[in-house]
Amino acid sequence: MELLPTIWFIAIAVLWTGYLFLEGFDLGVGMLMKLFARDNTERRVLLNTVGPVWDGNEVWLLTAAGATFAAFPLWYASLFSALYLPLLVVLVALIFRAVAFEYRGKVDTDQWRTRWDWAIALGSFFAAFGVGAALALTTTGLPLNANGDREGGPLAWFSGYAVLGGLAVVGFSLVHALAFLALKTDGDVRHRARKWFVRLLPALLLPIAGWALSIQFLEGKPWTWALVLLAVAAAAAAWTMGRKGAEGKAFIALGAFLALGTASIFGAVFPVVLPSTLNEAFDLTVSNASSSDYTLGLMSVVAAFGLPLVIAYQAWTYWVFRRRVSAAHIPEAHSFLPAIAARAFTTKG
Amino acid sequence: MDALDALEIARWQFGITTVYHFMMVPLTIGLGLVVAVIQTVWHRTGKPEYLRMTKFWGKLFLINFIMGVATGIVQEFQFGMAWSEYSRFVGDVFGAPLALEALLAFFVESTFLGLWIFGWKQLKPGIHLACLWIAVIGSVFSAYFIIVANSWMQHPVGVEMIDGRPVMTDAWAVFTNNTALVAVPHTLFGALAVAGGFLLGIAWYHLWRRRRDGVDTVGVDGKVIPGDAADIPGRDRDDHKVWIRSLRIGAVVAMISFAGTALTGDLQGKLMFEQQPMKMAAAEAACHDGTGFSVLSIGNLGSQNCDDIVALIEVPGILSYLAKGDFTTEVQGVNSLLPQYKEAYGTHLPDNPIYGERAGQEIDYLPVMEVTYWGFRMMIGFGGIAALAALVALWLTRNGTVPESRWLMRLAVFGILAPFGANAAGWIFTEMGRQPFVVAPNPDPNGIDQVFMFTAAAVSPGVTAGELLASLVTLASIYGVLLVVEVKLLVKYIRGGVVSAMPELVHAPIDENEDATPGPGGPGGGKPADDVLAFAY
């Protein structure tokens, strides 16, 4: 087994784990804007728990995709072109979500806010679902020909695994967001989030467990089965901690669940990065899809410095904004228009 | 050719999404640098007008920034989605700068900008300012990495062909590609030009409005007498300083950046004459070898038959200067270059399935001359107009305010668009001028042989024209709607003036010794974490 491609396979798994861990809760918070928050103040509480960090979280996605391009160009090319329409949905969802975060508070009318709330909630849902579907399909396979191109038209990628993977990331994001809100807010939101967390955790983690288990039945190795068992234990721990009100521990245990679950899935499919459902000979693997050792070596050196640095300053950001947010902290919507623009408009002419 | 041609749709999509993305990005980079400098001045001097400038321009910066972020993700994804053959061919060398951009630049940019937006009270003033600088430097690095990637498409270096694919053998060569080293400053000056025009136009509007409303008057000596509008928060004498300083900063930045784009553009042109001679011949719409630069050519540029084109006004020697730095060297025209290209890279596309129905077709080495000829001239023209306008603006505002003329104000506001136009024209020129190649060959005899790719081979073979059309229509309509939303929001905040970015001014005492504005030691100076939310969405 070649060393550098294997290292980069692990690195990409780590980047996806980082993405799902971090953006997981802000995608979930986005969906909870419509499912959980009861009024505008609560929605703003939710929004401001992720306000300073969601954009930094999203860069994990760009880095995961960019690293896949650089380290496994054939994997990147085949996966992204085969999943053309679902990734278009992800892009549209991410565009609306990003713009909505920034623009929602910029006009003080209910109609404006409601529209952007939907953009955040639906954008978060479709982004989570689409990313989940894409990740599931890269583990279960796509109808690729010898050149790595999709056969069978625009919807040939569709399978039950796409739905399972989509639900897996949506479900995980929701439960992760509830844990995050319990940790990051105060007052009524905090208590409700904790209650929802305990009540919904088993159901919401079911699809991701289903995905991990089906991969194990298809490709599992003893050590990846062991990881699944550990992941289940971590989920149980998260649930217990949540019941006890140990919010920080619950959040960390859930993170451990994610890391173990992702490792069990990526570990099981290794060394295949994207199987072909048409012919096993067309499978993309860490050896036949990777860049040269020179490129991988260069990237390894940079990542060895760069990634710890990213983790350090992002951790610092979370520390800076560590305080809990509650309804009492939300300032009034700031409407400057009556003050100055009224005059600007009336004196026109 | 089918009615629906996947390659053509994919090219339109890449062009539209990239030009759009590059409307937001230069403003982000340029305005980010300007705001960082202004906040630094505030940090040093504590003068309230600089805080107001930081807040106001910072607010507009953020409204625009997010659009650059949102549309940037599309850029990274569409190489794989629509151009999978391209991605497979270049991945070993092209993927690295993209991955490094995300890892080393974009993480920095988005994380530290989040700290800056929300950290006004949580961070000490010096650290808060440093966060902005770090984010801005991140955006500059981001530009560097992207241009390294693009420059490799213009001028491939640092690779060897192994099994039909370029494999990176010299990262130093890739990351110090001379094409990139001149394109980076050229692009950064282009970004600053956008910021300069933006400041100038908007500040002009506010100064004009203060005069129109009678807040500012002009004394007998012609000099401005700044006033206070007691009934409107924020429209005091400091407000006048905000706008006149912004206007002057904008004008100076616009002029410096035009000089910068001209100097770097000249270097870039000289490289381009060596590296992509056909692009420059097409920029000139020149059939025959010569020394003259065409100011106006007539004839049917669209016919792609260069003997139809007559240079109506031509300045002898200038073309030689652009290419070689003297006034006499003959520069090769299209007619001399075509046979050379055919000999080096073939007359017909190979009979290979990756060319789809284009396999075996004759290759047209001449870029679309209407686009290259006018793109080149619009780039220079819009840039020059903006710089000239900035000079005139400095003269007209020498007495501390703007003339009363509504038309001049409209012109200044409209002029904001000129540097945007110059940027778009320049990129359209250089990308269209590279055709029919997506990776242009490197003609240096000591360089690498046969590392090039025709655009016709680059598109995703498995993706249908219908999918591409669906995404083109979807993205173009969403981008259209979001452009309207962004511009409306910008207009709203611009009209609102400083108070739109500083609600605290509404409650501030409005008198000469206004002191509600905290000095640099002020924001959170005492108890940093007192307010959980210094800023709230």
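The values are calculated or read from the model by the stated rules, or taken from the named source; none is laboratory data. Since the model is a prediction, treat every value here as computed from it, not as a measurement. Every residue, glycine as well, gets a Cβ built from its backbone with ideal geometry; the counts of neighbours run over all protein chains shown.
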Worksheet item: Do we have B:ILE117 as closer than 22 Å to A:VAL99 by Cβ, facing chain A (nearest Cβ under 8 Å), surrounded by fewer than 24 Cβ atoms within 10 Å (Cβ to Cβ) and under 17 Å from the mean Cα position of the chain (by Cα) here?
Response: no
Worksheet, complete the sentence: Among (1) more than 8 Å from every other protein chain (Cβ to nearest Cβ); (2) within 20 Å of the chain's Cα centre (by Cα), B:HIS43 falls short only on (2)
Worksheet item: Can you name every residue in segment B:449-484 that is surrounded by fewer than 18 Cβ atoms within 10 Å (Cβ to Cβ), free of Cβ contacts under 8 Å to residues at least 60 places away in the same chain and either in contact with a Phe, Trp or Tyr (Cβ under 7 Å, 6 or more places away or on another chain) or facing chain A (nearest Cβ under 8 Å) (or both)?
Response: B:ALA470, B:THR474
Worksheet item: Within segment A:121-167, restricting attention to residues that are in contact with a strand residue (DSSP E or B) (Cβ under 9 Å, 6 or more places away or on another chain) and β-branched (Val, Ile, Thr), which residue is nearest to B:ILE354 (Cα to Cα)?
Response: A:THR138
Worksheet item: Which of the residues spanning segment A:96-113 are within 11 Å of chain B (Cβ to nearest Cβ) and without any contact (Cβ under 8 Å) to a residue 12 or more places away in the chain?
Response: A:GLU102, A:LYS106, A:VAL107, A:TRP112
Discussion item. Checking B:GLY302 against (1) part of a helix (DSSP H, G or I); (2) in contact with a Pro (Cβ under 9 Å, 6 or more places away or on another chain); (3) at pLDDT below 90: exactly one of these is not met. Which one?
Written reply: (2)
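Could you tell me how many of the residues in segment A:197-215 are surrounded by fewer than 22 Cβ atoms within 10 Å (Cβ to Cβ) and either at pLDDT below 95 or touching a helix residue (DSSP H, G or I) at 6+ places or on another chain (Cβ under 8 Å) (or both)?
Here the count works out to 10.
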Response to the item:
By residue number, the members of segment B:91-100 that are of a type outside the set (A, V, I, L, M) and facing chain A (nearest Cβ under 7 Å) are B:GLY91, B:ASP92, B:GLY95
Worksheet item: If B:ARG88 satisfies every condition in (1) within 13 Å of chain A (Cβ to nearest Cβ); (2) farther than 30 Å from A:ALA146 by Cβ; (3) of a type in the set (Lys, Arg); (4) in contact with a helix residue (DSSP H, G or I) (Cβ under 7 Å, 6 or more places away or on another chain) but one, which is the exception?
Response: (2)
Discussion item. Can you confirm whether B:PHE94 is of a type in the set (Phe, Trp, Tyr), under 24 Å from the mean Cα position of the chain (by Cα) and surrounded by 24 or more Cβ atoms within 10 Å (Cβ to Cβ)?
Written reply: yes
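A quick yes/no check of all residues on (1) more than 19 Å from A:SER81 (Cβ to Cβ); (2) buried (at least 21 other Cβ atoms within 10 Å of the Cβ):
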{"residue": "B:ALA10", "(1), (2)": "no, yes"}
{"residue": "B:ILE16", "(1), (2)": "yes, no"}
{"residue": "B:VAL19", "(1), (2)": "yes, no"}
{"residue": "B:THR28", "(1), (2)": "yes, yes"}
{"residue": "B:VAL34", "(1), (2)": "yes, yes"}
{"residue": "B:TRP42", "(1), (2)": "yes, yes"}
{"residue": "B:THR45", "(1), (2)": "yes, no"}
{"residue": "B:TYR50", "(1), (2)": "yes, yes"}
Worksheet item: Mind checking whether some residue in segment B:269-276 is closer than 30 Å to B:THR372 by Cβ and polar (S, T, N, Q)?
Response: yes
Practice prompt. Give me a count of the residues in segment B:61-73 that are within 7 Å of another protein chain (Cβ to nearest Cβ) and under 16 Å from B:ASN150 (Cα atoms).
Written response: 0
Item to complete: For A:ALA162, work out the one condition from (1) out of contact with any Leu (no Cβ under 8 Å at 6 or more places or on another chain); (2) at pLDDT 95 or above it doesn't fulfil.
Response: (1)
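Of these, B:ALA195, B:ALA180, B:ALA102, B:ALA143, which one is over 30 Å from A:PRO73 (Cα atoms) and of a type in the set (Gly, Ala, Ser)? Steps first, answer last, please.
Details: B:ALA180 fails: over 30 Å from A:PRO73 (Cα atoms); B:ALA102 fails: over 30 Å from A:PRO73 (Cα atoms); B:ALA143 fails: over 30 Å from A:PRO73 (Cα atoms).
One residue alone meets the criteria, B:ALA195.
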Worksheet entry | Flag for A:ILE330 being out of contact with any Pro (no Cβ under 8 Å at 6 or more places or on another chain) and surrounded by 19 or more Cβ atoms within 10 Å (Cβ to Cβ) | yes
Worksheet entry | Which numbered condition B:ASN352 misses (of (1) surrounded by 13 or more Cβ atoms within 10 Å (Cβ to Cβ); (2) farther than 28 Å from B:PRO185 by Cα) | (1)
Discussion item. Being at the interface with chain B (Cβ under 10 Å from one of its Cβ atoms) and under 24 Å from B:PHE107 (Cβ atoms) is the requirement here; does A:ASP26 meet it?
Written reply: no
Discussion item. Suppose we keep only residues that are at the interface with chain B (Cβ under 8 Å from one of its Cβ atoms) and more than 30 Å from B:VAL498 (Cα to Cα) within segment A:304-338. Which one would you say is modelled with the lowest pLDDT?
Written reply: A:ARG324
Item to complete: Scan segment A:67-77 residue by residue and report those that are out of contact with any strand residue (DSSP E or B) (no Cβ under 6 Å at 6 or more places or on another chain), within 7 Å of chain B (Cβ to nearest Cβ) and closer than 16 Å to B:TRP83 by Cα.
Response: A:PHE69, A:ALA70, A:PRO73, A:TYR76, A:ALA77
Worksheet item: For segment A:80-95, what are the residues that are facing chain B (nearest Cβ under 7 Å), over 17 Å from the mean Cα position of the chain (by Cα) and of a type outside the set (Phe, Trp, Tyr)?
Response: A:SER81, A:ALA82, A:LEU85
Item to complete: Could you tell me whether segment A:269-286 includes any residue that is at pLDDT below 95, facing chain B (nearest Cβ under 7 Å), out of contact with any helix residue (DSSP H, G or I) (no Cβ under 6 Å at 6 or more places or on another chain) and within 22 Å of A:THR63 (Cβ to Cβ)?
Response: no
Response to the item:
Among (1) out of contact with any Asp or Glu (no Cβ under 7 Å at 6 or more places or on another chain); (2) at the interface with chain B (Cβ under 7 Å from one of its Cβ atoms); (3) closer than 28 Å to A:THR317 by Cα, A:TRP116 falls short only on (2)
Discussion item. Quick check on this structure: which one of B:VAL108, B:VAL136, B:VAL140 is more than 7 Å from chain A (Cβ to nearest Cβ), at pLDDT 95 or above and surrounded by fewer than 24 Cβ atoms within 10 Å (Cβ to Cβ)?
Written reply: B:VAL140
